[in-house]
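Computed from the coordinates by the stated procedures, all read-outs in this text should not be read as laboratory data. What you see is a predicted model, and the numbers here were worked out from it, not measured in a lab. Neighbour counts are summed over all protein chains in view; Cβ atoms, including those assigned to glycine, are modelled from backbone coordinates with ideal geometry.
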Amino acid sequence: MAKKTIAVVGATGAQGGGLVRAILANPGGEFAARALTRDVNSEKAKALAKLGAEVVAVNVDDADSLRRAFQGAYGAYCVTFFWDHFSPEKEQAQARAMAQAAKDAGVKHVVWSTLEDTRKWVPLTDNRMPTLQGKYKVPHFDAKGEANAFFSEAGVPTTCLNTSFYWDNLIHFGMGPKKGPDGKLAFVLPMADKKLPGIAAEDIGRCAYGVFKRPDLIGKTVGIAGEHLTGAQMAAELGKAMGQEVAYNAVTAEAYRGFGFPGADDLGNMFQFKADFEKDFCGARDLGFSRSLNPQLQTFAQWLGANKERIPLG
Ligand SMILES: NC(=O)c1ccc[n+]([C@@H]2O[C@H](COP(=O)([O-])OP(=O)(O)OC[C@H]3O[C@@H](n4cnc5c(N)ncnc54)[C@H](OP(=O)(O)O)[C@@H]3O)[C@@H](O)[C@H]2O)c1
C-alpha cells in the first residue's frame with residue numbers, strides 16, 4: 001500500500017526533527033516523511049535525506065511555498081519559531097498561513113504544536129504578573145493558544161498538541177546549573193515547590209508520530225510530558241548525574257523577570273503561570289497517555305544519562 005506522507009515543518013529543528021526520525025525509524029509503518037526546510041542543502045537537511053526523507057523547500061512566510069509543500073500530503077506537522085523573532089503576531093501569521101495551506105491542500109490530519117492561552121487563567125486585568133507587549137501575559141504561549149482557532153475556523157482536521165518544557169533547554173537555552181560565588185552549582189527555577197512538566201525534545205516528535213497513528217484524536221487537544229518534577233527533584237537528578245551537589249535556587253518569578261536576558265519577562269511569567277496553575281497545567285499533560293503515544297518516552301534521569309556531558313556548567 002502507498003505510504004501516507006507527513007509534511008513536517010521545522011524538520012531540521014527539535015520538534016520536527018524528532019518526528020521525521022520517528023517516521024523513518026519505522027520503515028514498515030504507514031507513513032513517509034517529507035522534511036520541510038528553507039535550505040535543502042544544509043548539513044541537517046542532507047542528513048535527513050540520507051535517512052530516507054523527501055526533503056522539500058519551504059518558507060512559512062511564503063504562502064505559495066507552503067501550499068506546494070503540503071500538496072499531496074496526508075498529514076502536516078505545524079510548528080512556529082517564536083524564539084527566532086519574539087513576535088506573537090508573526091507567529092500567528094505563520095500559523096494562519098499553515099492552516100490555510102493545509103486546507104487548500106486537503107490535508108487529512110494536522111498536528112498543531114501549541115501551548116495554552118494563559119489569559120484564560122490570568123486575564124490582562126490580573127496584576128499578579130505584568131502584561132507584556134500590550135496584550136499578552138505569556139506571549140509565546142498566548143499567541144499559540146489563540147491560533148488554535150485558526151485551524152478549526154479553516155475547517156482543517158487538527159489535533160492540538162500541548163507540548164512541554166524541553167529538558168534540552170539546559171543545553172541550548174542557558175538554563176543549566178550555574179556556579180555561585182561559593183563555587184557550588186545551583187539550578188535556578190522560579191517555581192518554589194511546584195512541578196514543572198518537562199520532556200526530552202526528541203520525544204515530542206515521537207509523541208506526534210503516535211498522534212498521527214490515532215485519527216480518533218482529530219478535533220481534540222492533547223498534552224504530553226516525560227515527567228512532572230519540582231525544581232528540587234530536578235536539582236537532585238542533576239546532582240546524581242553529574243556526581244556533585246546541585247542546589248535548587250528557587251528565585252521568585254519577579255526576580256527571574258528581572259534577569260534581563262531577551263525573553264526573561266516572558267519566561268518569568270510562564271514559570272509563574274505553571275506554578276500558580278500547577279494542577280491544571282500538569283493535569284493537561286498525562287504521563288501515561290504520553291507513553292501510550294511514545295513507548296520510548298524518556299524520564300529526566302534517562303535523558304540526563306544520555307546528555308549530561310552536553311550541559312554547559314556556567
Ligand atoms: N524550548 C522549549 O522548552 C519549548 C517548549 C515548548 C514549545 N516550544 C516552542 O517550540 C517552537 C520551536 O520549535 P523547535 O524547538 O522545534 O524549533 P527549532 O529547533 O529552533 O527549529 C526550527 C526549525 O524551523 C525552521 N524554520 C525557521 N524559520 C522558518 C521559516 N520561516 N520557514 C520554514 N522553516 C523555518 C529552521 O529550519 P531551516 O533553517 O532548515 O529552515 C529550524 O531548524 C517555538 O515556537 C517554541 O515556543 C519550545
Residues within segment 274-298 that are buried (at least 16 other Cβ atoms within 10 Å of the Cβ) and not basic (Lys, Arg), tallied: 14
Hits in segment 132-148 (condition: of a type outside the set (A, V, I, L, M) and part of a helix (DSSP H, G or I)): Pro139, His140, Phe141, Asp142, Lys144, Gly145, Glu146, Asn148
Residues within segment 244-303 that are touching a Leu at 6+ places or on another chain (Cβ under 9 Å) and among the basic types (Lys, Arg), tallied: 3
Close pairs (6 angstrom Cβ cut-off, 6 or more residues apart or separate chains): over 20 Å from Pro295 (Cβ atoms) in segment 8-27, more than 7 Å from the ligand (Cβ to nearest atom) and among the small types (Gly, Ala, Ser) anywhere: Val8/Ala35; Ala11/Ala35
Any hit, segment 9-16, residues being more than 11 Å from the ligand (Cβ to nearest atom) and either crowded, with 17+ Cβ neighbours inside 10 Å or part of a loop (DSSP other than H, G, I, E, B) (or both): no
Subset of segment 132-161 (residues that are closer than 27 Å to Leu297 by Cβ, more than 9 Å from the ligand (Cβ to nearest atom) and not aliphatic (A, V, I, L, M)): Gly145, Asn148, Phe151, Pro157, Thr158, Thr159, Cys160
Condition broken by Asp182, with the remaining ones in (1) crowded, with 23+ Cβ neighbours inside 10 Å; (2) farther than 22 Å from His85 by Cβ satisfied: (1)
